[in-house]
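Engineer: The following block contains the structure, expressed as C-alpha cells.
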Amino acid sequence: MFELIKDQIKNIKKVVFVTGAGISQESGIPTFRGKDGLWKNHDSMKLATIDAFYDNPKLVWEWYNERRKNIFAAQPNLGHKAIAELEKYVKVAVLTQNIDGLHQKAGSSEVLELHGSIIKIKCSVCNFNEEITSEISEILPLCKCGNILRPDVVWFGESLPQDVWQKAMIYASQCDLMVIVGTSLVVSPANTLPIYAKQNNALLIEINPDNTEMSPEMTLVIRNTGTISLPEFVSLFKNK
Ligand code: OAD
Ligand code: ZN
C-alpha cells in the first residue's frame, strides 16, 4: 500500500495527522457528508450555527444529546490506536476536526481539537467550561449565572479557538509528513492545513475511500479505510 514512500520514511521525524469524521466512522459515529452522512437528513443551518441555537436551543440540545450518547458509547478503533502507537517511533501531533475525544481515548498525547469537544459544556455568557459525561437531562440546561449552557463546539460561522489554531498552523508548517485521514477537506480553515505542510515540502498522504478536492495535491493517495490503512502505515516505522 505504501511502497512508494517506504524509502522516504527513514528520514521522517515529525508526523502530523489531520483527521475528520471518517476516522471515527468505523467506531460507529456517522460522518457529515456522503451517502449516510448526518447532513443528508439534517439541516446543518438549523443545528450547527449560533443563530440556530438562539432560535431553537431545545432542538439543538436534543440533537447534541443524541450525539453525546452515541459518542460516549463509542470506542477508539484500530486507526485511532495506530496513530497513538506511532508516538513510540516519531514525534506526532493530531489536528482533528472531530469533537468525539476518541484520539485521546486511544492514547494520543498531542491532540488539537480544532472544532472543540462535545464532552465539554460551556456557558454562552460567562467563563464556565467543564467536561460533563453524564446525560444532560434538563433541557435547557442553565449555568449558575442564569444563562444557557451550550456544547463547547465550533459552529458554522464561529471562529476556531485561536490558540489552538495558531498551534495547528505551526505543527502543519513544520512537519515532514502529513497524513490526512477521513476528511472531505471542504471546511475552512482546517482544509488549509495541507497547504502549510506542502510549503514545508512535507510528504502528503491521504487516506480516504473517496476522492477529495485535494487528492491531486497528495504525494500518495490510499483509497481505503482508516482501520485497514493506518496499522500498515505505522508498521513502516517499526521496521525503519
Ligand atoms: P465529512 O463528513 O465532510 O467527510 C468525511 C470523509 O471521511 C469523507 O471524505 C469520506 O469519504 C471519508 N470516510 C468515510 N468513511 C471513512 C473511513 N472508514 N476511513 C477513512 N475515511 C472515511 O467530515 P469532515 O471532513 O470531518 O463541522 O467534516 C468537517 C466538518 O464539517 C466537521 O467538523 C463538522 C462538519 O459539518 C461542524 O459541525 C461545524
Ligand atoms: Zn454562566
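Engineer: Quick one: if the Förster radius is 30 Å, what FRET efficiency do SER137 and ASP36 give, using the C-beta to C-beta distance and rounding to 0.05?
Structural biologist: The calculated FRET efficiency here is 0.55.
Engineer: With springs only between Cα atoms under 10 Å apart, run a GNM on the chain and tell me which of MET218, MET45, MET169 wobbles the most.
Structural biologist: The residue with the greatest mean-square fluctuation here is MET45.
Engineer: Of LEU193, LEU203, LEU38, which has the largest mean-square fluctuation in a 10 Å C-alpha GNM of the chain?
Structural biologist: In this elastic network of the chain, the residue with the biggest mean-square fluctuation among LEU193, LEU203, LEU38 is LEU38.
Engineer: Could you tell me which of rounded, prolate or oblate describes segment 116-158, using a ≥ b ≥ c as the square roots of the eigenvalues of the alpha-carbon gyration tensor, with rounded for a/c under 1.5 and, failing that, prolate when a/b is larger than b/c and oblate otherwise?
Structural biologist: oblate
Engineer: Could I ask something else about it? Treat segment 184-224 as a sphere of radius equal to its Kirkwood radius over Cα pairs and apply Stokes-Einstein at 4 °C in a medium of 1.567 mPa s; give the translational diffusion coefficient in µm²/s, rounded to a whole number.
Structural biologist: 123 µm²/s
Engineer: Cα to Cα, under 25 Å, and not fewer than 8 places away if on the same chain: which lysines meet these conditions relative to LYS238?
Structural biologist: Counting by Cα, and skipping residues close in sequence, LYS238 has these lysines nearby: LYS6, LYS10, LYS13, LYS14, LYS81, LYS88, LYS91, LYS105.
Engineer: Provide the convex hull volume over Cα atoms per residue for segment 99-240, in Å³.
Structural biologist: That works out to 144 Å³ per residue.
Engineer: May I pose another question? Considering only DSSP beta bridges with both partners in the chain, what is the antiparallel share in %, to the nearest 5?
Structural biologist: So the antiparallel bridges amount to about 30 percent of the total.
Engineer: Between VAL186 and LYS46, what FRET efficiency follows from the Cβ-Cβ distance if R0 is 22 Å, with the result rounded to 0.05?
Structural biologist: 0.70
Engineer: So, with +1 on the Cβ of K and R and -1 on the Cβ of D and E, and no other charges, what is the size of the charge dipole of segment 87-240 about its Cα centre, to the nearest 20 debye?
Structural biologist: Taking the Cα centre of segment 87-240 as origin, the dipole is about 340 debye.
Engineer: Something else now. Looking only at segment 71-196, where both bridge partners belong to it, what percent of the DSSP beta bridges are antiparallel (to the nearest 5)?
Structural biologist: 75 percent
Engineer: Principal axes first, then extents: for the Cα atoms of the chain, list largest minus smallest coordinate on each axis, whole Å, largest first.
Structural biologist: 59, 34, 28
Engineer: Sticking with this structure for a sec: Could you give the dipole magnitude of segment 172-240 about its Cα centre, charging the beta-carbon of Lys and Arg +1 and that of Asp and Glu -1, in debye to the nearest 20?
Structural biologist: My answer is approximately 220 debye.
Engineer: Could you tell me which of ILE12, TRP63, VAL154 has its Cα farthest along the dipole of the chain towards the positive end, charges placed at Cβ (Lys, Arg +1; Asp, Glu -1), taken about the Cα centre?
Structural biologist: It is ILE12, whose Cα lies furthest towards the positive end.
None of the figures in this text is laboratory data; all of them are computed from the coordinates on show. Quick caveat: nothing in here was measured; it's all calculated off a predicted structure. Neighbour counts are summed over all protein chains in view; Cβ atoms, including those assigned to glycine, are modelled from backbone coordinates with ideal geometry.
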